[in-house]
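Structure, as structure tokens:
The values are calculated or read from the model by the stated rules, or taken from the named source; none is laboratory data. Computed from a prediction, not measured in an experiment: that's the story for all the values here. Note that each Cβ is placed from the backbone with ideal geometry, even for glycine, and that neighbours are counted across all protein chains shown.
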Amino acid sequence: MGTIKMLRMIVICFICCIAGSQFINAAETPQSSQKDTATIVAYYFHGDFRCSNCFTIEQYSKEAIEKYFPEQLKNGKLTFNVINTDRPTNEHFVKDYQLYTRSLILAEFKNGKQVKWTNLSKVWDYINDRDAFYNYVKAEIEKYLTDFCKENNLRLYQGKIESRVEQLE
């Protein structure tokens with residue numbers, strides 16, 4: 001009797017773990033439910049063990065994105081995700097983005113498929129200069145947004161994405 005109850009508990013725990021890992025993995029990879037949608041994702045990748053510089057890069061990245069791109073965060077054109085690559089469900093990111101250290105990655109997704117990505121490796125150069133760090137992250141994201149606007153007949157005006165029709169009005 002005790003053995004059967006124990007086996008049931010093990011099976012239930014196993015099922016919960018599988019379901020939970022599927023949920024986490026789905027939450028960390030952007031999915032598109034609409035046609036012709038594009039998003040830019042800023043990923044900060046870290047492991048289980050983190051030094052003060054690792055925490056600083058995460059903090060500065062988040063602050064710069066929130067400071068310069070609130071409209072894009074609000075409308076979903078830009079998202080910021082913090083991902084631990086030491087978790088089994090996230091190990092693929094190390095290979096996908098050729099990660100060798102803690103990194104800030106920009107990735108563009110169209111219709112749920114990644115079309116390009118960039119490792120912002122210079123964040124390590126600016127770790128001791130918050131303003132330079134912010135400006136670097138801002139400039140790199142603006143490049144992605146500008147390319148996105150060109151490809152979709154939009155324009156970037158004062159940090160906001162507008163259609164060409166809005167521009168003429």
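Summary table
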| item | result |
| --- | --- |
| First in the range 100-116 and surrounded by 11 or more Cβ atoms within 10 Å (Cβ to Cβ), second anywhere and part of a loop (DSSP other than H, G, I, E, B) and not aromatic (Phe, Trp, Tyr), Cβ under 6 Å, 6 or more apart | 104/120; 109/30; 111/32; 112/31; 112/32 |
| The range 95-115, subset basic (Lys, Arg) and at pLDDT 90 or above, residue farthest from residue 42 (Cα to Cα) | 95 |
| Which listed residue, of 138, 143, 62, is over 20 Å from residue 38 (Cβ atoms), of a type in the set (D, E, K, R) and part of a helix (DSSP H, G or I) | 62 |
